[in-house]
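Student: Mind having a look at this structure? Questions to follow.
The values are calculated or read from the model by the stated rules, or taken from the named source; none is laboratory data. Please read these numbers as outputs of a predicted model, since none were measured by experiment. Glycine also receives a Cβ, built like all others from the backbone with ideal geometry; neighbour counts cover every protein chain displayed. These area figures cover heavy atoms from the full protein model, side chains too; ligands, DNA and RNA do not enter into them. Shrake-Rupley method; radii C 1.70, N 1.55, O 1.52, S 1.80 Å.
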Amino acid sequence: MLKAALAAAALVLVALAINAADAPDTSTWAQFSSFSYNGKTASTPKPGEYLNPIIAGFHPDPSICRVGEDYYLVNSAFNYFPGLPIWHSKDLVNWTQIGNVLDRPSQFPMRGGAMQNGTYAPTIRYHKGAFYVVNTLVGSSLGNYYVTATDPKGPWSEPIKLQGIGGIDPDFFIDDDGKCYVTSCDDPAQAQYNCHRAIKLQEMDLEQKKPVGEKTVIINGDTDISKRPVWCEGPHIYKINGKYYAMCAQGGTSTAHTEVIFKSDSLRGPYVPWDKNPILTQMNLPNDRQNPVTCTGHADLVQTQNGDWYAVFLGCQPYQGTFFNTGRETFMLPVTWTADGWPVILPPQTPVPLTVKKPNLPADKPAAVPTTGNIAYTENFDSDTLAPRWTGVRVPTSKWYAASKTSKAIFLSPRAAQLSREARNVSYGKGALFLEPRADLLSGSGNPSFLVVRQQNNDFTCGVTLTAQPQITNCVAGLAAFQNEGHYYAIDVKIQSGRLTEISLEQPAAGGRGFGGRRGGSATPPRILATEKLPDGLASVELKFEGAGPVTKCFYKNGSGDFKQLGGDLQSSFLSTDTAGGFQGVTLGMFARLDPTNSIPQNVGQ
């Protein structure tokens, strides 16, 4: 027994020595600690009610499935990695993120590109012991694909390309005979107008892992092609009470967004649109209504174990006019059925309610960090792994961050290993995150050293402590509120010889907008809106963003004094989707880069 124990101890020591040798040298990296987020909302549900959105912040294009008494939901993430956040709930109200479907770079075969590229609207389905997530990786040669897992927490398979399936937003439907069919939003045989789309269906052989047989156009141009409807997309097929239903988004994902429904006696059609479509929209409502929700659509249906129906869908919460920074969020409403068998998510001219009666389901335990309402948490980086809410801009190609806790640390390989899973125990400091300063910029199209979480409230504060390690030099590190390559605010702190020397406020020089947002990085240096010298010998500073609807402010604090505002009040609308374009919301987090002193002009002012 003693010999066995000694042998085991020796193996542990050898393993620790190997891991320490593999660990990155973080002595020249930027150190962050005590990241905090605190967001407020104006609505409070009463007992027996839930609050919309059910998953706040940039969590668009929800898809949902039920397995027994468990519900699983996925969202698109575009060019953020890890991507496709996946959630679990037992009551449709309390949701916990259990991982990210794409958490290995090998699953995301795309490097660089604009932020609106990447993972578009996914579908999640379950069949014979396996979960399937079907998706489009826009901007890559992969195109439409699917991944599988027996455990929704992962690991998920490598992507399997859907050969011959064009367009975007693929969906899997399993018929009563067990056959699988894939649909997608594709090009029509002959486009009659701009943004004319067609929904195509084809059988999918899950054993051979490829589509087979005839491809059928089941919807051409959406509800009434004579009216030239645009962007019939996000299709989902259901079979309910012997009838086939095709549900699609229509009108594009801005304020003209709607959800429409079709019905057929046969899987391959003909599909007849409901004469009272749409079944969900917020168009033509008063602009001055209280707590408006806009852009609703991209819905998916689920039936509870008690027979009730619910729809999850995306929506936006503007703080002023059409400006919103929290992106497209996940909402949920009960579904009612007409006497002649049509589902209705929301009657016409009805605002989306923010408080709704809870589903008739056993209550699930609340998540450790709320997904809606008043959201507050502090990340001390004292765990072996980062929480799955942390993500980065584009796919990493090197090891550039490490989280540490007392006598333990994690560094995550962005190559073959999963970002959230490969941990190596080594000796570091206490509760900190280290970022390697690299050349990639927030305004570029590469993978900067930048870790973020989503902004989930219109009114929020977000802060972090930055510390200069003794050996770090020629570095700029700080805190950023990021919408895309051309639209962000960043608090920059210069670090020289282990000391913080200067703090400034950065904004991209040219915030170009196009369909889908900025298309790649800019070679134009960013503008510096304000600059202040820091006290000599300073090694640590607290940084903070405050957002209150249309106004964003930046602050810093050194020592035990009060926070001091850096620069003037900023327009939150510069970070809004309406200004920046694209499909994302704002993310908040820490960055580090090599100091490009010679390339950034010190032109204070806007």
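Student: Of everything in the stretch 280-292, what is modelled with pLDDT of 95 or more and surrounded by fewer than 23 Cβ atoms within 10 Å (Cβ to Cβ)? Give them in sequence order.
Tutor: Scanning the stretch 280-292 gives a single hit, Pro292.
Student: Let me ask you something else. Do we find a residue being open to solvent by 20 Å² or more (accessible area, probe 1.4 Å), acidic (Asp, Glu) and more than 19 Å from the chain's Cα centre (by Cα) anywhere in the stretch 135-152?
Tutor: Within the stretch 135-152, one or more residues are open to solvent by 20 Å² or more (accessible area, probe 1.4 Å), acidic (Asp, Glu) and more than 19 Å from the chain's Cα centre (by Cα).
Student: Quick check, is Pro353 open to solvent by 40 Å² or more (accessible area, probe 1.4 Å), at pLDDT below 95, assigned to a loop (DSSP other than H, G, I, E, B) and not polar (S, T, N, Q)?
Tutor: no
Student: Grab the strands (runs of 3 or more DSSP E) fully contained in the stretch 512-596, keeping just those with 3 or more residues being at pLDDT 90 or above and within 20 Å of the chain's Cα centre (by Cα). Working first, answer last.
Tutor: On the way: elements: 527-533, 540-548, 551-557, 587-594.
It comes to 587-594.
Student: Right, next: Is the stretch 359-369 home to any residue that is free of Cβ contacts under 8 Å to residues at least 24 places away in the same chain and buried (at least 16 other Cβ atoms within 10 Å of the Cβ)? So that I can check it myself, show each step before the final result.
Tutor: At the first step, the residues of the stretch 359-369 found to be free of Cβ contacts under 8 Å to residues at least 24 places away in the same chain are 369.
When the remaining residues are screened for being buried (at least 16 other Cβ atoms within 10 Å of the Cβ), the result is 369.
Among the residues of the stretch 359-369, at least one is free of Cβ contacts under 8 Å to residues at least 24 places away in the same chain and buried (at least 16 other Cβ atoms within 10 Å of the Cβ), which makes the answer yes.
Student: Sticking with this structure for a sec: Contact list please: Cβ distance under 9 Å, first residue in the stretch 375-401 and closer than 23 Å to Glu485 by Cβ, second residue open to solvent by 30 Å² or more (accessible area, probe 1.4 Å) and among the β-branched types (Val, Ile, Thr), pairs at least six apart or on different chains.
Tutor: Listed pairs, sorted by first residue: Arg389/Val369.
Student: Let me ask another. Out of all the residues in the stretch 195-214, which are under 17 Å from Leu267 (Cβ atoms) and not small (Gly, Ala, Ser)? Give the steps one after another, and end with the answer.
Tutor: To start, the set of residues in the stretch 195-214 that are under 17 Å from Leu267 (Cβ atoms) comprises 198-206, 211-214.
Of everything in the stretch 195-214, those that are under 17 Å from Leu267 (Cβ atoms) and not small (Gly, Ala, Ser) turn out to be Ile199, Lys200, Leu201, Gln202, Glu203, Met204, Asp205, Leu206, Pro211, Val212, Glu214.
Student: Quick check: anything in the stretch 135-145 in a loop (DSSP other than H, G, I, E, B) and touching a residue at least 60 places away in the same chain (Cβ under 8 Å)?
Tutor: yes
Student: Can you spot a residue in the stretch 196-209 that is part of a loop (DSSP other than H, G, I, E, B), of a type in the set (Asp, Glu) and closer than 21 Å to Ala299 by Cα?
Tutor: no
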